[in-house]
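Have a look at the structure below before the remarks.
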């Protein structure tokens, strides 16, 4: 086991614990909890058994397993980023609606 | 009164007719203002010649904008927090429509537009030739700081690319809408990128657009408040987001 695996695993386990506690405190709903637990578990597995990614690499025709992991990570990050931006925009619009409503009411 | 009704008996040459039509229409001027205590009074004074229905939307200013506007005796709607140009315009348009406005004019609060040009902008609307009029600073060849000229051209191009409509001044703050156009605008909520939002609505609702040349009065003050380079870059990013999240 390499040092990076140990540090990484510790980090991931801490995050999974945090996710679980957030779920328990109802800060996270069930789908979000399952999603994040799944993501972090996959990361944990890949950290210890990098060879499992080779299976996917062969399947997809990508050279190395670790490359597949990186490609997917980037894809997921962009997806989440996009979702955050789009949710922020919605929120900004909603805030404007509220501010507008108040100003039209007060006059 | 209905704008369509006017079409029949109006002609450009009959100027007496024009002023007669003008006097029975409910014209509303909307001034979105953010920290404009220095100019707002003068701008309101200038507009008063043409309409008494003036709405100032104070977009969360922390100076005396509201106070000065109220002293001028116009309607003031105040946003409790700053929401940006689009949000302020949307509030003003909504307020004007609720008061049964026939024609809605928007004008910047920084004094860069000359109120004397209001009649020219109203003409195509009153005559029924257009649903939307944009006061364009680029139809007349006039002096304008070069970086602003280039920046504007760039935004016109982007607007065309993203939203499929060409305007010589897509970012102009001096616009006139008839009732139909104002009602078909989506609820405006954005910041500086509102100009392109309006363009999209013009396109999708098949509104007739006309541009009328206007002069822009550039002072170092109004320059410091417009879209500088970084704001421009930010607007561009938001336009992009607007485009892909739609």
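A short reminder: the numbers here are calculations on the coordinates, not readings from a lab. Remember, it's a predicted structure, so these values are computed and weren't measured experimentally. Glycine also receives a Cβ, built like all others from the backbone with ideal geometry; neighbour counts cover every protein chain displayed.
Over segment A:1-49, what is the relative contact order in percent, taking alpha-carbon pairs closer than 8 angstrom and at least six residues apart?
For segment A:1-49, the relative contact order is 48 percent.
Extension gain residue B:215-residue B:45, at 0.36 nm per residue separation less the Cα-Cα distance, in nm?
Full-extension gain reported as 59.4 nm.
Could you calculate the FRET efficiency of residue A:56 with residue B:140 from 1/(1 + (r/R0)^6), where r is the beta carbon distance between them and R0 is 56 Å, rounded to 0.05?
Efficiency at R0 = 56 Å is approximately 0.35.
Over the alpha-carbon set of chain A, divide Rg by the Kirkwood Rh and report the Rg/Rh ratio to two decimals.
When Rh is taken as the Kirkwood radius, the ratio is 1.19.
How shielded is B:76-85 by partner chains, expressed as the average number of their Cβ atoms within 10 Å of its Cβ atoms?
4
Mean residue ellipticity at 222 nm from the helices of the protein assembly as shown, using -39,500 (n - 2.57) per DSSP H segment of n ≥ 4 over the full residue count, to the nearest 500 deg cm²/dmol?
Taking each H run of at least 4 residues, the total per residue is -18500 deg cm²/dmol.
List the equivalent ellipsoid semi-axes of the protein assembly as shown in whole Å, largest first, each obtained as the square root of 5λ for an eigenvalue λ of the Cα gyration tensor.
52, 23, 19
Starting from the Cα of residue B:80, move 7 Å in the Cα-to-Cβ direction to define the label point; list residues of segment A:80-107 whose amide nitrogen is under 16 Å from there.
Under 16 Å, as judged by backbone N against the label point of residue B:80, lie A:94-107 of segment A:80-107.
Using all C-alpha to C-alpha distances in segment A:67-107, build P(r) with 5 Å bins and read off the rounded percent in each one.
6, 21, 12, 14, 10, 9, 9, 6, 6, 4, 2, 1
In peptide A:89-100, how many Cβ atoms from other protein chains are near each Cβ within 10 Å, on average?
Shielding by partners across A:89-100 averages 6.
Return a whole-number percent for the relative contact order of chain A, with Cα pairs under 8 Å and 6 or more residues apart as the contact set.
It rounds to 16 percent for chain A.
Of all DSSP beta bridges in the protein assembly as shown, what percent run antiparallel (nearest 5)?
For the protein assembly as shown, the DSSP antiparallel bridge percentage is about 30.
With the crude spin-label approximation of a point 7 Å out along Cα→Cβ, what separation in nm comes out for residue A:86 versus residue B:147?
3.6 nm
Say each of residue A:24 and residue A:3 gets a label point 7 Å from the Cα, pointing the same way as Cα to Cβ; how far apart are those two points in nm?
If labels sit at residue A:24 and residue A:3, their model points lie 3.3 nm apart.
Across segment A:1-49, how large is the tail of the calculated P(r) beyond 18 Å, expressed as a percent of all Cα pairs?
The share of Cα pairs beyond 18 Å in segment A:1-49 comes to 33 percent.
Would you list B:72, A:106 from fewest to most Cβ contacts within 10 Å?
Going from least to most buried by this count: A:106, B:72.
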